[in-house]
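Q: Could you have a look at this structure, given as structure tokens, before my questions?
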Amino acid sequence: MMRQIRSALARITGLFAGHREDDDLREEMHAHLDMETAENIRRGMHPDAARRQAMLSAGGLTVAAEAVRDQRGLPWVEGVVADLRYAIRTLRRSRAFTTVVVVTLALGIGANTAIFSVVRGVLLKPLPHRDGSRLVYLRQSMDGPAGTNVGFSVPEIRDFRDGARTLGGIAEYSPFTFTLQGDNDAIRVDVGLVTGNYFEVMGLSPILGRLTRPSDDGAGVPPVMVLTHDYWMKRFGGDSSIVGTHVTLDGKSVTVIGVLQPAPFFPDRIDALLNMVISEHHVSAMMVQGRTHRMTEMVARLAPGATVEQARTEVAAVYARMQGDFKDAYDAGSHYRVAVIPFKEALGERARLTLWLLMGAAAFVMIISAANVVNLTLMRGVGREHELVVRAALGAGSARLRRLLLVENLVLTLMGAFVGVLIALGGVRLLISLAERYSSRADEIRLDSAVLGFTFALSVGLAVLLSFAALLPKEGTIASIISAGVRRISGSLSKHRVQRGLVVAQIAVSVVLLAGAGLLTRTMVQLSNVNTGLRAEEVLTMQIPLVTVAELLSGVGDASAKDRYDRMRREVGALPGVTQVGIGGTMPLRNSQVVFDVKADGKALAVGEAMPRAEFRTANPEYFQAAGIPVLKGRAFAATDRMGSGRVVVINQTLADKFFPNDDPIGKRIAWSGDVLRFTPISGDWRTIVGVVGNTQDGGLDAKPGSVVFMPFAQELAMGGGLVIRTDSSAASLIVPATRVVRRIAPTAPIENVMTVAQIKDQSVAPRRLNAALVSLLGILAVIIAAVGIAGVLAFSVSARTNEIGIRMSLGADRGRVQRMILKEGGALLAIGLVSGVAGAFFAASVIRGLLFGVAPHDPITFIGVAMMMGAIGIAACWIPARRAARIDPAIAMRA
Amino acid sequence: MADKLEVKQGTLALMILRTLEVLGPLHGYGVARRIEETSKNRLTLNYGTLYPALVKLEQEGFVTAEWRPSENNRRAKFYSLTAAGRKQLAREASDWHRTADLIAAFLAPRREEA
């Protein structure tokens, strides 16, 4: 061991030993020679012969010196350093080549690094939770509106806890909203009400103070609050003295007990976590015993040794037993079901398709830029053939030449990677804003060592690929090339299969990218053209929740709230330019999230038919006009529809078609129904339909409008509330005066989502627009690189064939014919590329089907358009070298 | 020339160490001559074989080198054995003897044949 270390050290110092050691060696060898010569003379040889004999037995001084030098230092390192110096020198000499290659690589590597950092942050990185891979998210769903995630009730969770052995612990989490009273403002905070075991099960620790524990469960304990890391930073500026202080939530004093480590939440981002006692409702018998009172999210930790598969089987069995025992709670027609999803997957599920789409697009750009660089290298390789042959003739083995190329290519790709990472640094910021729409893990995105490792591996892989793409002079052919004594003239492209193949691949991949970009762009256009169902010229909306969720559930504070809403209506209505002010529980183009079973008088459900459900919305008489929702039949609400008068409703077209496909709905009666009404202050009385209004795209522009029941704002509970302000001037200019009026009437209430209807609509299109823009950007990048690729390869072919073209021209070929010949050569590649590209795009389009709207995955307009565009660009790229070929002067060409 | 042998890998170091043990400090030429003589000229050593081996032994600390005037008053580099080299020589020699015995036993004509 000592011996190895000692000799390694000696070799490393040997690296830096310079000429002195070489002089020493020379002297030593010459001494040897002299002594041997002297000995030979002593034996009677002629001095000349003696010297010659001595030289012969030495076996070549230079070779020996080289062998000693190899032994003395680390020959590999010395060689690489020399290669590196040489590579930098050559690359600096061919500056144009270097720039093109580095820029091409930087674009590809930059796009891939940026997008990979997002994929890693959102989808791949292990969760910050202790043993986060053991966490599973349970989701109960049903058919129909708002059915994707209905949550769980406390009795259901109890059954799972008792019945499913594979779930080691179940964390309960009930999303809730409070108003946090600040010194001079009030804001809404989104919180989770959690059980005491929550943090233990989730595997999360505090960074300050403590977390809730089982002793914080139940009624009769003080309410406590744990801040999420994000909210602590955002609202309290990371002030650690916040722990132990009191804040006021919905008028109640709550102690801040700690700050949680950074962690993502699902399904929604939240600001803080509290024990249940803050909400009387959550500790009431209604909540704790009502099986249909589903307000809770469930995350479970797998029991030691249990797999997700086992948990799925067991949960399904327990769930089937529950459905058998409580038939009323699970409407058979609505197909209630429970899914068990690894928590990490659940966190990434909305982002997955989009991110893999972008990753795929970026990988395609990488392929195209790598292909381009390979082509450039190959062309340069032909120019360098002579140099490489000479090197081979001077004794460089092919491994040695390979290493030289590898070092050169490493310099190129690492330079590309460096610039690429700079590009990625800028791109990541844009991508984080995209990811935030899809995942609460967006703040985990960063260019960390794993991402940089990925980039480095990518660059090294590329360099290896590039080095092996180049053809080295074959051992046997060296002599013939050298003896020919001339630079070999390479023939037409047909001799360069690799280059042709790469050009075809570039075109094909560009077509796939363009087709994807085209489909996504058309999706976005289709989406913006969707009729929202409203006349939305200049309409401003704002939400002012005067009633807290807790008050809402208990039904108190309603009357005074309604008075204040009505004052807002009158005073905002008096502002100049305002034509109508509507009041409603939910703003147009937004989901109310409040959905109940609904039944029609005299209409029985068919066997197995799903229980109809409808969104609960409230509106004052002016709401429909202000929002621009057309009244199709009957009337809107009137001032006479008040508390105490006959209960009336207005329904939308979807519900009218569902209940009364053949009759006039006006005058018919409907009622809310279902067990869950018990937990609300809403009555299940019959209500008479007085009007039918048009459908609006409340669930997003790409969703089919669901059933909606409007009830008079004055007659029913004000489920939240907001203003819909129509003006004949600019809606945006009303923001300041309208907010001022509202602030005066409700000084402490939060004012939220102050947005014009146009902005709300745009919000629904924005993520798609970003998708389309990003993929289009990558597509355009690909096309540019591919066009450069085609032009470059053809230009190379032309210059290599200059001699041949000269001969053809002198034999009578005219310029047009030469030009056609080159065009044909490029055209053939273009055609093959287009055909394979369209085939690839057909496949790719069905993969991204889920991201499309209003466009068939194999939309002919897109495909034809893309093929024509690529064709046109391709022909343009062929044109330049073809013209150059036609301008060749045969006399000069042949003399050269 | 058919009876000339190439020096086997690993045996050269042993020969050099042994030569230095027997003859004391010696220059490269002397080492080469001595090895050739001992092998009755069946081995030839060119510089490309000898000098890297000497450098390696020096790196491993088994020999040291210094410049001294040679017998014919020319400056030459003399190599001498170190304590570590002496130990290494003993170790390698005994290894070699054991290996040689083993191989000899293997290649010995079987009793029946004899």
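Q: For the pair A:Ser729/A:Asp566, report the inter-label distance in nm, with labels modelled 7 Å from Cα in the Cβ direction.
A: 2.9 nm
Q: Tell me, what HN-Hα J-couplings in whole Hz come from the Karplus equation 6.51 cos²θ - 1.76 cosθ + 1.60 at θ = phi - 60° for each residue of region A:239-247, using x for Gly and Pro?
A: Per-residue couplings from phi come out as 7, 6, 6, 5, 5, x, 7, 10, 10 Hz.
Q: Here is a follow-up. Given R₀ = 25 Å, FRET efficiency for A:Ala604-A:Ile666 by Cβ-Cβ distance, to 0.05?
A: Numbers: r = 21 Å, r/R0 = 0.86.
Plugging the Cβ-Cβ distance into 1/(1 + (r/R0)^6) gives 0.70.
Q: Over the Cα atoms of region A:137-198, each weighted equally, I'd like the Debye log10 I(q)/I(0) at q = 0.19, 0.25 Å⁻¹, rounded to two decimals.
A: Rounded to two decimals, the profile gives -0.85, -1.12.
Q: Computed FRET efficiency, Cβ-Cβ of A:Met286 and A:Ser528, R0 35 Å: what is it to the nearest 0.05?
A: Values: r = 44 Å, r/R0 = 1.27.
Between A:Met286 and A:Ser528 the formula returns 0.20.
Q: Along the charge dipole of the protein assembly as shown, pointing to its positive end and built from +1/-1 on Cβ of Lys, Arg, Asp and Glu, which listed residue (A:Ser729, A:Ala316, A:Ile5) has its Cα farthest out?
A: Result: A:Ile5.
Q: Still on this model: Given A:Lys562/A:Lys599; A:Lys633/A:Lys704; A:Lys599/A:Lys633; B:Lys56/B:Lys87, which pairs have Cα atoms separated by over 23 Å?
A: A:Lys562/A:Lys599
Q: Moving on to the next point. What list do you get for A:Tyr336, B:Tyr47, A:Tyr319 if you sort them by fewest beta carbons within 10 Å?
A: Details: A:Tyr336 18, B:Tyr47 25, A:Tyr319 21.
Going from least to most buried by this count: A:Tyr336, A:Tyr319, B:Tyr47.
Q: Moving to a separate point now. What residue among A:Ile760, A:Asn695, A:Gly144 has its Cα farthest toward the positive end of the dipole of the protein assembly as shown, where the charges are +1 on Lys, Arg and -1 on Asp, Glu, each on the Cβ?
A: Selected residue: A:Ile760.
Q: Let me ask something else about it. Largest first and to the nearest Å, give the Cα extent of region A:276-315 along each principal axis.
A: 38, 20, 12
Q: What is the spread of the Cα atoms of region A:759-855 along each of their three principal axes, largest first, in whole Å?
A: 71, 25, 19
Q: Return the average number of partner chain Cβ atoms within 10 angstrom of each residue Cβ along peptide A:810-816.
A: Per-residue shielding by partner chains comes out at 0.
Q: Can you give the mean number of other chain Cβ atoms that lie within 10 Å of the Cβ atoms in peptide B:73-81? Before the final figure, lay out the partial values.
A: Values: counts 0, 6, 4, 7, 7, 0, 0, 0, 0.
Mean shielding count: 3.
Q: Which residues in region A:852-896 have a backbone N closer than 20 Å to a point placed 7 Å from the Cα of A:Arg815 along the Cα-to-Cβ line?
A: Residues A:876-895 fall inside that zone.
Q: Between A:Phe468 and A:Ser433, what is the spin-label point distance in nm, taking each point 7 Å from the Cα along the Cα→C-beta axis?
A: Once both label points are built, they end up 4.3 nm from each other.
Q: Still on this structure, please answer the following. Could the peptides A:35-41, A:57-63 be put in order, highest first, of the mean number of other beta-carbon atoms found within 10 Å of their residues?
A: Final packing ranking: A:35-41, A:57-63.
Q: I need the calculated FRET efficiency for the pair B:Thr38 and A:Glu78, taking r as the beta carbon distance and R₀ as 35 Å, to the nearest 0.05.
A: After rounding to 0.05, the efficiency reads 0.50.
Q: Once you place label points 7 Å from the Cα toward the Cβ at B:Leu14 and A:Thr255, how far apart are they in nm?
A: Reported label-point gap for B:Leu14 and A:Thr255 is 8.3 nm.
Q: Relative to the present Cα-Cα distance, how much length would full extension add between A:Ala316 and A:Asp443 at 0.36 nm per residue of separation? Numbers along the way, then the final one.
A: Numbers: separation 127, 0.36 × 127 = 45.72 nm, distance 3.45 nm.
That works out to 42.3 nm of additional length.
Q: Within 10 Å of each Cβ in peptide B:57-67, how many partner chain Cβ atoms are there on average? Round it to a whole number, please. Spell out each step's value before the answer.
A: Working: counts 1, 4, 11, 6, 5, 1, 0, 0, 2, 0, 4.
Mean number of neighbouring Cβ atoms from other chains: 3.
Q: For the protein assembly as shown, divide the Cα radius of gyration by the Kirkwood radius and give the resulting Rg/Rh value with two decimals.
A: 1.15
Q: Can you give me the long-range amide H partners of A:Glu622? Hydrogens built in the peptide plane at 1.01 Å from N, cutoff under 5 Å, separation of 5 or more residues or another chain.
A: So A:Glu622 has HN proximity to A:Ile583.
Q: In debye, nearest 20: dipole of the protein assembly as shown around its Cα centre with unit charges on the Cβ of K, R (+) and D, E (-)?
A: That gives the protein assembly as shown a dipole magnitude of about 3380 debye.
Q: Specify the inter-centroid distance of region A:403-458 and region A:283-335, based on alpha-carbon positions, in whole Å.
A: When both Cα centres are located, 43 Å separates them.
Q: Moving on to the next point. Which of the peptides B:25-33, A:860-868 is most tightly packed, and how do the rest follow, going by the mean number of other Cβ atoms within 10 Å of each residue?
A: Per-residue Cβ counts within 10 Å, averaged per peptide and sorted highest first, yield B:25-33, A:860-868.
Q: Loop-only check: which chymotrypsin sites (Phe, Trp or Tyr not before Pro) in region A:663-756 are DSSP coil with at most 16 other Cβ within 10 angstrom?
A: Those satisfying the criteria are A:Trp686.
Q: What is the pair-distance distribution P(r) of region A:346-469, computed from all Cα-Cα distances in 5 Å bins starting at 0, with each bin given as a whole percent?
A: 2, 9, 15, 19, 15, 11, 9, 7, 5, 4, 3, 1, 0
Q: Could I ask something else about it? Of A:Phe160, A:Thr541, A:Ala457, which is farthest along the charge dipole of the protein assembly as shown in the positive direction, counting Lys and Arg as +1 and Asp and Glu as -1 at C-beta?
A: Result: A:Ala457.
Q: While we're on this one: Among A:Ser334, A:Ser284, which comes first, second and so on when ranked by fewest other beta-carbon atoms within 10 Å?
A: Lowest to highest Cβ neighbour count: A:Ser284, A:Ser334.
Q: Now a separate question. Taking other Cβ within 10 Å of each residue's Cβ, how do A:Ser730, A:Ser369, A:Ser153 sort, fewest first? It would help to have the intermediate numbers written out before the result.
A: On the way: A:Ser730 12, A:Ser369 30, A:Ser153 23.
With the sparsest Cβ surroundings first, the list reads A:Ser730, A:Ser153, A:Ser369.
Q: Once you mark the GluC sites (Glu not before Pro) that are in a DSSP loop and have at most 11 other Cβ atoms within 10 Å, what is the longest gap between them in chain B?
A: Working: sites that count: B:Glu6, B:Glu71, B:Glu112, B:Glu113.
No qualifying site falls inside B:7-70, the longest such stretch.
Read-outs throughout are calculated quantities, based only on the coordinates presented, and are distinct from any laboratory measurement. Small disclaimer: the values here were computed from a predicted structure and weren't measured. In this analysis, Cβ positions are derived from the backbone assuming ideal geometry, glycine residues included, and neighbour counts consider all displayed protein chains.
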